[in-house]
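Contents: one structure, followed by commentary.
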Amino acid sequence: RVTSAGTGHWHEGEPADRRAGQVLRGHGYPTAHCAAQMNDDHLAADLVVALGRNHLRMLQHEGVPAERLRLLRSFDPRSGAHVDD
């Protein structure tokens, strides 16, 4: 199972960004997404992926162990590891 959540509540309850929805639809994925703030279920996941270093620090502070925490861009060796937010 794959889920998504933000570190803050700013967009909680809102649908996915229109551009993201277009890409998802174009690849045959469902688009019925509703933004959520991270909770204990997210923090207990087998793998927690952080967008940038600030998110990584927040997740570490919340107790996610280093062996379950990765930066998003670490999966692409050709990219820089950090995404400016």
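The values are calculated or read from the model by the stated rules, or taken from the named source; none is laboratory data. Keep in mind that what you see is a predicted model, and the values were worked out from it rather than measured. Cβ: placed from backbone, ideal geometry, glycine included. Neighbour counts: every protein chain shown.
Considering the stretch 1-40 alone, what residues qualify as being part of a loop (DSSP other than H, G, I, E, B), among the small types (G, A, S), more than 26 Å from E62 (Cα to Cα) and modelled with pLDDT of 90 or more?
Residue satisfying the conditions is G28 alone.
May I ask you to list pairs of residues, at least six apart or on different chains, whose Cβ atoms are under 8 Å apart, with the first in the stretch 61-82 being more than 13 Å from A50 (Cα to Cα) and the second being of a type in the set (A, V, I, L, M)?
Sorted first by the residue in the stretch 61-82, then by its partner, the pairs are G63/L43.
Which ones in the stretch 75-85 are surrounded by fewer than 14 Cβ atoms within 10 Å (Cβ to Cβ), more than 21 Å from A16 (Cα to Cα) and under 14 Å from the mean Cα position of the chain (by Cα)?
Selection gives F75 alone.
Out of (1) loosely packed, with under 11 Cβ neighbours inside 10 Å; (2) within 13 Å of the chain's Cα centre (by Cα), what's the single condition that is false for L43?
Failing condition for L43: (1).
I need the full set of residues from the stretch 41-85 which are part of a strand (DSSP E or B) and of a type outside the set (A, V, I, L, M, F, W, C), in order please. Give the derivation first.
Filtering the stretch 41-85 down to residues part of a strand (DSSP E or B) leaves 48-50, 69-71.
Once the filter is applied, which keeps residues that are part of a strand (DSSP E or B) and of a type outside the set (A, V, I, L, M, F, W, C), the stretch 41-85 yields only R70.
For the stretch 1-54, how many residues meet the condition of being within 15 Å of R70 (Cα to Cα) and of a type in the set (D, E)?
Residues that pass the stated criteria total 1.
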